[in-house]
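The values are calculated or read from the model by the stated rules, or taken from the named source; none is laboratory data. A quick note: this is a predicted structure, and the numbers were derived from the prediction, not measured. Cβ placement follows ideal geometry from the backbone for every residue including glycine, while neighbour counts extend to all protein chains displayed.
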Amino acid sequence: MTGSTPPRKRRFPARGADSGPQDGPQRDTRDHERGSTDTGAASLELAVDRGDLPVSAEVTTTAPVARRRAAEFRDKAREGARKGGARARAGLAYLTDRIIDMAPRVPVRDQQTLRGQFPGLGPEELADKLVAGAARATATVGAGVGAAAMMPVPPAMPTELAAEITGVAAIELKLIAELHEVYGVRPAGSLAQRSTAYLNAWSQERGIEATKPSTVNAAMNSRMKRELRQRITKRTVRNLPNLMPFLVGAAVGAVMNRRDTRKLAARIQADLRRTQVPWDVLPALPALETPADALDLAPFTGEEGGHGAP
């Protein structure tokens, strides 16, 4: 037929095609893993949150195990912190008792001995000499401990800190006692009572006012022990940089100890100047008794002998 379309170009509908109307009803789309939906689109929610599907056993057992392990970790951390705090308190209490026992053994030169060793000096010049010598001595202690910690050994660090604090405390207690001698305000009482009063002055960083009995505590009570522990704790924290390796701690320890000793001496002197008794009106004081087992501080202070009267 002329003008007709050749058979090879004729279009036939595809076999099995849906010949229904385009706006007919929608068929449900089915997802074999997530199930069918009413909207014709596959659901994207997690299968574990679906109530119509079984939950994997692995998911149900992992969460309780993780919570149990976290609880065990927290319990162990609390127990470790508790034991560490108990050991720190025990060490602090031991160090406090050691300094209390050491205080009566610190050798102190009386005013007559000091004026004989430094002739021609007035009270202020003599006090400056004592402060300079004590600052050098504490710097030596700090440098020695810092040098010992050149190659840090963690188990030995608490012992090194305790040795430094004890040595510095002995030198500063000696300085406080001799400053009271220079300014003519020696507290009354026996060797043990004066040592307790000087120890209280060291913990409070204040001078003793002999005219006010409330400032002269001759007995070691719980309040004084608490203040002493606080003073030792502060000193321990400040001395931690002294344990830096490679001789850095030696330099840091020397500088910090010298600074702290001078600061302590300045506060003590400021209090003692208000109650100072001039030498020309000061009555003759008896010579100080020598402790039976006096500490040997000569390697640090550089003095010869010097526990009281020569």
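Here are the numbers for the structure shown:
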quantity: Given (1) without any contact (Cβ under 8 Å) to a residue 60 or more places away in the chain; (2) among the charged types (D, E, K, R); (3) in a helix (DSSP H, G or I); (4) within 18 Å of LYS174 (Cβ to Cβ), index of the condition ASP296 fails; calculated: (3)
quantity: Residues within the stretch 182-231 that are at pLDDT 80 or above and polar (S, T, N, Q), tallied; calculated: 8
quantity: Pick from the stretch 145-161, criterion surrounded by fewer than 18 Cβ atoms within 10 Å (Cβ to Cβ) and either in contact with a Gly (Cβ under 6 Å, 6 or more places away or on another chain) or of a type in the set (Gly, Ala, Ser) (or both), ranking: modelled with the lowest pLDDT; calculated: ALA156
quantity: Condition check for ASP280: part of a loop (DSSP other than H, G, I, E, B), farther than 24 Å from LEU92 by Cβ and in contact with a Lys or Arg (Cβ under 8 Å, 6 or more places away or on another chain); calculated: no
